[in-house]
Structures are given as C-alpha cells and as structure tokens.
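Down below is the structure, laid out as structure tokens.
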Amino acid sequence: MASSTGILNKYIGDYDTLRPFLRYISLGCYNKQYFQKHLGINARTYEDNLARLRFFLPDSALITHRDGHKEIYSLHSDSYYSANNYLHYIYQIKNLKPNTAFYLISLLQIIENAPLPLTEKQIYDFHLLPSGNTCPPMMLTKDGFLDISFSTMKRYLGILAQMGIIRCNECSKPKSYSAKANIFSQLSPKELQELIHAIKYYIAIAPMGTLGYQILLILQHIYSKLTTLSFPIQFKHKKIINTLDDAIVYEINQAIKQNASILFEYGDKTIQAIPIHIELDFLTGRQYLNAVIKRSAGAKYFRQPQTYRLDIIKNIRLQDIDDILYERTLLQLKPQPKPVQLRITYTSSLDKNRLAYRILTRYPQAKLEQEDDHHFTCTLLLHDTLRILPWIKTLYPHVEIINTPYLQRRLIKDVKEALANYDQYTTIP
C-alpha cells in the first residue's frame with residue numbers, strides 16, 4: 001500500500017485521529033465528501049485511513065457500495081453476533097450439527113499435527129486412521145478418509161481460518177493451511193498468574209453488566225421452578241464501537257488506581273479532572289465519565305462535579321497532583337442531575353394515557369403534572385441532558401422543551417443538519 005509521497009505508515013502516532021473516522025465508517029452511510037466536511041480531513045488523510053483499515057481488518061470485513069458517483073464504505077457484521085451478550089454463542093453451538101463438528105475437529109487435528117503446511121488436496125486425501133485400524137461406526141468416514149465433498153471441506157477450512165484457529169497461507173501456490181503459533185506457550189510465571197487473575201475477574205464480573213441479572217437471580221431463588229426464555233438479539237457493528245474507547249477507559253482506571261488526575265480534550269476545551277467512576281447508560285449504550293473538576297481556571301481545588309461522554313474525550317493523559325490536594329478533594333461528590341421539563345400536548349384521554357405510558361416506560365422516575373385539558377408537563381432529572389434528544393424526537397409533534405434553551409437549539413441544529421444531508425439525495429417538495 002503506497003501513497004503519493006511514499007510508503008504508508010500503518011501505525012499512526014495519535015489514535016484519537018482514527019476514532020471518529022471508525023465511528024462514521026461503522027454506520028455505513030457516509031461518503032468521502034461528508035468526512036472532509038464534518039471531520040475536517042482532506043482526501044489524502046481519508047485514503048490513508050482506509051488503507052490502515054484494509055491492513056488491520058480481516059478479509060471481507062470492509063465492504064463498499066455506491067450511491068450514484070459516491071463510494072460508501074461500511075463494516076461487515078454477523079447478524080447473529082452481539083458484543084454485549086456472550087450467550088449468542090449458545091445459539092450457534094445449538095445449531096452445529098454433529099457431522100459438522102466432527103469434520104471441523106478432524107480438519108483441525110490434521111493441520112495441527114502436520115509438521116509442514118498442507119495444501120487443500122493433501123488435506124482432502126489425508127488418511128484419518130492408521131493402516132489396519134477399523135473405523136468406529138459413529139465416525140462418518142469412508143475407508144478412513146474424509147467422506148465429504150471437496151467444496152464442503154474448503155468451506156470448513158474457511159470457517160476455521162476465519163475463527164483464527166488455523167492460518168491460511170494464500171501467498172503460497174497452491175494455497176496451504178498451517179497451525180497458528182500458540183500465544184500462551186511463551187508466558188512467564190508472572191504473566192501467567194496475571195492472565196489467570198484477569199480471566200477469573202472477568203468471569204465473575206461479566207454477568208453483572210447484563211441488565212436484570214440481579215433481579216433474575218432473586219426470582220430464580222424465590223421460584224425454584226422458574227423457567228426463562230432466551231431471545232436471539234443483534235447489535236449492528238456494536239463490537240468495534242465498544243473497543244474504540246478501550247485506551248480511554250484504561251487511562252481513567254490508571255488515574256483512579258494511582259490517585260492522579262487526568263488532562264484531556266473535550267470538544268474545543270482542555271479539561272483537568274479527577275475521575276470518580278465510569279458509568280454505562282444501558283438505554284443509549286454509551287459510556288460516561290463522572291469526574292470532579294475545578295469551578296474556574298484559577299481555582300485551587302476540584303469541587304465541580306461533571307459528566308463527560310467517553311467517545312468525545314481525546315488526547316487523555318495522566319497528571320500528578322499533590323497528595324494533600326487530592327485528599328482534600330471531595331471524591332465522593334457525584335454530579336448533580338439537571339432538570340429537563342417538557343410540555344406534552346394530547347387530544348384525547350386515550351392519547352394522554354398512551355403518551356404517559358411511553359414516558360414512564362423509559363423514565364419511571366419522571367414527574368407528570370396536569371396543566372389543562374390538553375397539556376401536561378413532564379419533569380426529568382438527568383446527568384447528561386443531551387442523551388434525551390433522540391428520544392424526544394420520537395415524541396414529535398406532541399412534545400415541547402420548556403426550560404432548557406440550549407437543548408432546543410441543539411434539537412433545531414440536528415433537524416437542519418438531517419434535512420441538509422437528506423437534500424443531497426432527494427428534493428423536498
């Protein structure tokens with residue numbers, strides 16, 4: 001992959017420059033011109049970032065389609081994959097037939113035990129059983145050979161290679177397959193101990209991140225014969241979006257562990273803060289940082305609680321602070337929620353009940369007060385008022401923002417931007 005000025009550097013120096021690019025690419029609906037306008041990057045930077053994606057992503061993970069003369073890239077997603085719910089693997093295992101499982105294991109054993117890479121023809125002609133041994137009745141082989149078609153075997157090899165279990169050597173002629181190196185074989189005793197500790201921690205804590213986990217345990221304890229249903233779910237492109245903020249999460253955790261502050265860029269501001277904890281909003285799927293900042297640039301102590309979206313934080317780095325200053329900081333102070341007041345308009349009692357049900361279903365803590373025969377107010381307390389905007393749009397034309405002018409300005413701005421983008425593809429009468 002070469003660029004106009006030389007060989008492309010696949011390893012960028014600043015990861016934050018690639019994060020917004022990946023977020024827009026994952027949505028699969030923006031072209032080069034949109035990136036240049038909204039991210040402020042030129043065509044060269046756009047092509048370089050695409051080249052990096054082609055280098056890092058597996059084959060066929062980056063797909064493209066055309067809209068007129070504009071080329072739009074997106075990321076391939078598995079319709080049965082959910083990054084937030086590991087139980088989807090159970091659905092896949094349940095649909096794995098015994099014959100398929102046998103052939104996958106057989107192919108894996110053939111390749112793992114081979115001293116040299118094997119071509120597809122060598123694998124297909126491989127004798128599973130030593131000469132003179134009889135084949136057990138349950139093993140679906142023919143005279144000790146694989147009893148499947150050549151095309152089916154190639155498909156199974158592709159599955160194993162896509163899962164990362166074996167390596168496909170496409171550069172060799174003919175194409176061959178070999179075993180992957182064991183990444184766990186060279187661990188030192190200290191590294192092994194740390195890895196086992198981390199694995200045990202995630203095994204214990206992973207179910208706690210599933211909404212309703214505690215309630216389900218209580219119900220199962222009370223009703224011993226309780227049966228639960230499982231539902232296949234899908235989060236489109238959720239996996240790559242979650243991994244984009246791993247470096248940010250790591251720096252925040254390091255600051256909490258070392259009793260340090262963090263310095264980061266948030267929009268056009270540079271902020272110094274002492275992190276309290278990271279919060280996950282299940283309704284929006286976003287992660288938030290709860291932190292304490294200084295009330296003004298000249299302030300000495302950190303006393304102002306604030307909430308920040310992790311996906312907007314950039315260039316984060318640790319900052320040492322005086323131990324006495326850290327001890328005097330009110331670390332237990334949590335951000336105070338801000339009120340958002342909405343006026344809801346309805347035409348009938350049935351319409352009123354329907355709107356109230358929609359509000360209380362999403363925000364059970366909402367306070368509803370009757371104004372007159374066709375209006376009632378809804379008051380919410382939120383740490384981040386902007387997160388309510390997508391939901392407010394679903395209540396149009398029954399909703400009106402009352403006491404939050406900047407929220408109304410942001411709503412109008414989003415609507416104008418959506419109409420401007422829509423106007424690029426069609427003409428509004």
>> As an exercise, use a Förster radius of 45 Å and the Cβ-Cβ distance of Leu395 and Ala297 to find the FRET efficiency, rounded to the nearest 0.05.
In response: 0.70
> Using r as the Cβ-Cβ distance of Ile321 and Ala247, and R0 as 22 Å, what FRET efficiency do you calculate, to the nearest 0.05?
Replying inline: 0.50
> Which pairs break 28 Å Cα to Cα here: Lys154/Lys180; Lys352/Lys393; Lys32/Lys413; Lys97/Lys173; Lys70/Lys180; Lys70/Lys154?
Replying inline: Lys97/Lys173; Lys70/Lys180; Lys70/Lys154
> What spacing in nm lies between the two simple spin-label points modelled at Gln162 and Ile312, each 7 Å away from Cα in the Cβ direction?
Replying inline: 3.8 nm
> Under the Karplus relation 6.51 cos²θ - 1.76 cosθ + 1.60, θ = phi - 60°, what is the ordered set of whole-Hz ³J(HN,Hα) values for the stretch 303-319, x standing for Gly and Pro?
Replying inline: 9, 9, x, 8, 10, 10, 6, 5, 6, 9, 5, 9, 6, 7, 8, 6, 9
> Once amide H atoms are placed 1.01 Å from N in the peptide plane, what residues at a sequence separation of 5 or more from His76, or on another chain, have their amide H within under 5 Å of its amide H?
Replying inline: Leu62, Ile63
> Can you list the aspartates and glutamates whose alpha carbon sits under 20 Å from that of Lys338, skipping same-chain ones fewer than 8 residues off?
Replying inline: Glu279, Asp281, Glu369, Asp384, Glu400
> So which of Lys37/Lys294; Lys190/Lys300; Lys314/Lys416 end up more than 30 Å apart, counting from Cα to Cα?
Replying inline: Lys37/Lys294; Lys190/Lys300
> Which ordering of Ser178, Ser296 is given by a fewest-first count of other beta-carbon atoms within 10 Å?
Replying inline: Ser296, Ser178
>> On a full-extension model of 0.36 nm per residue, what is the gain between Ile402 and Asn42, subtracting their alpha-carbon distance, rounded to one decimal in nm?
In response: 125.5 nm
> Whole-Hz Karplus ³J(HN,Hα) for the stretch 286-301, in order, using 6.51 cos²θ - 1.76 cosθ + 1.60 and θ = phi - 60°, x for Gly and Pro?
Replying inline: 9, 10, 10, 9, 9, 9, 10, 10, 7, 5, 8, 4, x, 5, 8, 9
>> Once you keep just the Cα pairs under 8 angstrom separated by 6 or more residues, what percentage relative contact order results for the stretch 355-429?
In response: 15 percent
> Once the Cβ-Cβ distance between Asp373 and Ile183 is put in as r, and R0 is 60 Å, what FRET efficiency do you end up with, to the nearest 0.05?
Replying inline: 0.30
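Every read-out reported here was derived from the displayed coordinates using simple, explicitly stated rules and does not represent laboratory data. The shown structure was predicted, so the numbers you read here are calculated from the model rather than taken from an experiment. Every residue, glycine as well, gets a Cβ built from its backbone with ideal geometry; the counts of neighbours run over all protein chains shown.
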